[in-house]
1. It is to be established whether one or more residues within the stretch 34-48 are within 20 Å of residue 210 (Cα to Cα) and not acidic (Asp, Glu).
2. Output the number of residues of the stretch 172-207 satisfying the condition of being more than 13 Å from residue 228 (Cβ to Cβ) and among the hydroxyl-bearing types (Ser, Thr, Tyr).
3. Could you list, in sequence order, the residues of the stretch 5-15 that are open to solvent by 50 Å² or more (accessible area, probe 1.4 Å), modelled with pLDDT under 85 and out of contact with any helix residue (DSSP H, G or I) (no Cβ under 7 Å at 6 or more places or on another chain)?
4. May I ask you to say which residue of 179, 228 is at pLDDT below 85, assigned to a strand (DSSP E or B) and among the aromatic types (Phe, Trp, Tyr)?
5. Look at residue 127 and say whether it is charged (D, E, K, R), at pLDDT 85 or above and within 19 Å of the chain's Cα centre (by Cα).
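The values are calculated or read from the model by the stated rules, or taken from the named source; none is laboratory data. No experiment lies behind these values; they were computed from the predicted model shown. Glycine also receives a Cβ, built like all others from the backbone with ideal geometry; neighbour counts cover every protein chain displayed. Quick note on the areas: whole protein, heavy atoms, side chains included, nothing else; ligands and nucleic acids left out. Shrake-Rupley method; radii C 1.70, N 1.55, O 1.52, S 1.80 Å.
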Amino acid sequence: MDNGDWGHRMTTPVTLNVGGHLYTTSLSTLQRYPDSMLGAMFRGDFPTTRDSQGNYFIDRDGTLFRYILNFLRTSELTLPVDFTETDLLRKEADFYQIEPLIQCLNDPKPLYPPDIFEQVVELSSTRKLSKYSNPVAVIITQLTITTKVHGLLEGISNNFTKWNKHMMDTRDCQVSFTFGPCDYHQEVSLRVHLMDYIMKQGFTIRNTRVHHMSERANENTVEHHWTFCRPAHKVED
C-alpha cells in the first residue's frame, strides 16, 4: 500500500453503532491512541462485530460514547457543567482503555473559571419513515428545542411565529418548544433557520448524534440530536 492509499484509508469515514447510536468518524481518530481497545480493534488485533447495516457494532453506552469520541478528536475532555455521569464515563474510558482520558477523569480540571458556566441548548429532530415505500418516505417530522436559557426560548417564540409549536416544562428547570408535526421540507427549512438563529446568539455546536428506533411494523423512527453550548458569566444573587 503506497502513502496515498494509506492516507486515503486513514481519512475514510467509519460508522460505528454503539448501543444503538450511530457515530461517523475517521480511522485515524479511532487509532489516535494505539494502545487503546479501539486502536487495537481497528488495527486488526481485536475481533470486530457488524450490525445488519454493516456498521461496526460495540455493545456499550451509546450516549456516553460521544464524550469518548470527542476526546479522541481533540485530546481534551469537555463535559457540560451539570454533567452527573462521571462514574459511568470513567467505566467507559476504562473499557476502551484510553489512558489519557482515564487520567483526566481521575484528575478533573474545571472547564471554565469559577465565574463562568456553560449554557446548553439541545435541538432534536424526530422523523417517522415508512418501511415499505420506495424511495423511503418521511411520514411525519417534528423538532424540539430544550434549554434552561429562557431568553433564547423567548426569542425563538417571537421570531418563529408562523410555526405550530407548544411549550412544556421538563426536568431540571428546563423548558422545551416542540414544532410540528410538519412535512419533511418544512422540517428542513425550519431546522436550518433554528440552527442559524441559535448560533447567532453565540452558541456553537458541541456534538451531534443519531439514534434509530423501530416502533411499528411499517415505520422506523430516526432521531437526530444537536448540542449547542456557550459560556456565560454567573450572576450573583
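1. No, the stretch 34-48 contains no residue that is within 20 Å of residue 210 (Cα to Cα) and not acidic (Asp, Glu).
2. Number satisfying all stated conditions: 4.
3. 5, 6, 8
4. Just one listed residue meets the conditions, 179.
5. No, not satisfied.
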